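Colleague: This structure is in structure tokens; I'll ask about it shortly.
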Amino acid sequence: MQRMKNIIHIMNLVLTDTRAILFLIFLSFFIPYDKSVNAAIRVKDIAYVKGVRDNQLYGYGLVVGLQGSGDSQIFRVSRQLAVNIFEKMGVLISGSDFLSKNIAAVMITVNIPAFARPGDKLDVVVSSIGDAKSLEGGVLLQTALQGADNEVYAVAQGPLSIGGYNVEGQSQSLRKNISTTAYISNGAIVEKEIQFSIMQGKSLSVVLRDPDFTTANRMVEAINAHYPNAARAIDAAVVTIVPPGEFQSESAVVQFVANIEELYVKPDSIARVIINERTGTIVAGENVRISTVAVAHGNLSITITEKPEVSQPGVFSSGQTAIVPRTEIQAEEAEKKLNIIQEGATIADVARALNILGVTPRDLISIFQAIKRAGALHAELIIM
């Protein structure tokens, strides 16, 4: 009897749980779905902490080991660089005696990221500054790389890798891509750290990559929802944040910044249509709206045919045979269709409406320009 009671009790629990699950499923159909949740983006994907950025380094040096494709005797910089290197090693040589074409003067550029430490390796871009035909097979000698403050932060050296070639004969040449620019993977070693600070006093700043007042205000609201009165917008780009007391220490600031980066904000943007006339590319944002406008699209086909005729004179006349030009011109215009685009239409609505007219992307460019001139396109039109 007790066993039967236990079975009945378990069945009642199952039925109760089943009813609860069914009720939740039923209730879910009446809960509104917020599409804005999916549109929200992490703060770290739309903004960065002020001061955390790359820096550029540069230097000039010498590439050796080229197979006769280096600088000519006309360009003296490479020879002078070679002479200076030999002098540092105790070898005296005159520039006029140095006739090798296996060297080339180059400029070296490097991007050094934030938080790079001594010993870190960076990729290097090497570009010829003389009249060298190719850097293929060359090796960059050790070159100091400095910043805008003239301080040396890294050194570069190593064999070059190029994505092309340049071969010349007496009457023909063959070239693929650019052979006077090369690349060295991990070719630079950081020697000195670039000093910077995340905190400016007791606050830090977050900078929007695409400045916008609405987005900045939404970011402030998202931050203050977790840390009351911690953030305020300075302008459309910068939001300053004062970390709470428990995050004021240097080690705790890292955790605080990580927390801020993981917050979600729905960015706003200016309604904008970007057109590239050369490629026929059209890109438009979701906020683009169009007032009621009528669009007609038709194609005019003009055919010009030359059919010259030979004019023969009469048998007893004194005239001469002549060719008389005859030109036939035909103009055919396809049937035009008038399509009404309703007020408040989105760019997707416009695309669907214009597809009915059978327009191509290049036709669409002209139509957008005309709609803008008519004052019906409520967006910034950028033509590249």
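The values are calculated or read from the model by the stated rules, or taken from the named source; none is laboratory data. Fair warning: this is a prediction, and the values are worked out from it, not measured in the lab. With ideal geometry, Cβ positions are generated from the backbone for all residues, glycine too; neighbour counts draw on all protein chains shown.
Colleague: Please specify each residue of the range 44-88 satisfying the condition of being charged (D, E, K, R) and within 30 Å of V220 (Cβ to Cβ). Before the answer, list the steps.
Modeller: Our first condition is that a residue be charged (D, E, K, R); within the range 44-88, this holds for 44-45, 50, 53-54, 71, 76, 79, 87-88.
Residues satisfying the conditions are K44, D45, K50, R53, D54.
Colleague: Find the residue count for the range 182-234, including only residues that are in a loop (DSSP other than H, G, I, E, B), at pLDDT 95 or above and of a type in the set (V, I, T).
Modeller: Number of matching residues: 1.
Colleague: Taking the range 77-112 only, how many residues are β-branched (V, I, T), farther than 16 Å from L160 by Cβ and without any contact (Cβ under 8 Å) to a residue 60 or more places away in the chain?
Modeller: 5
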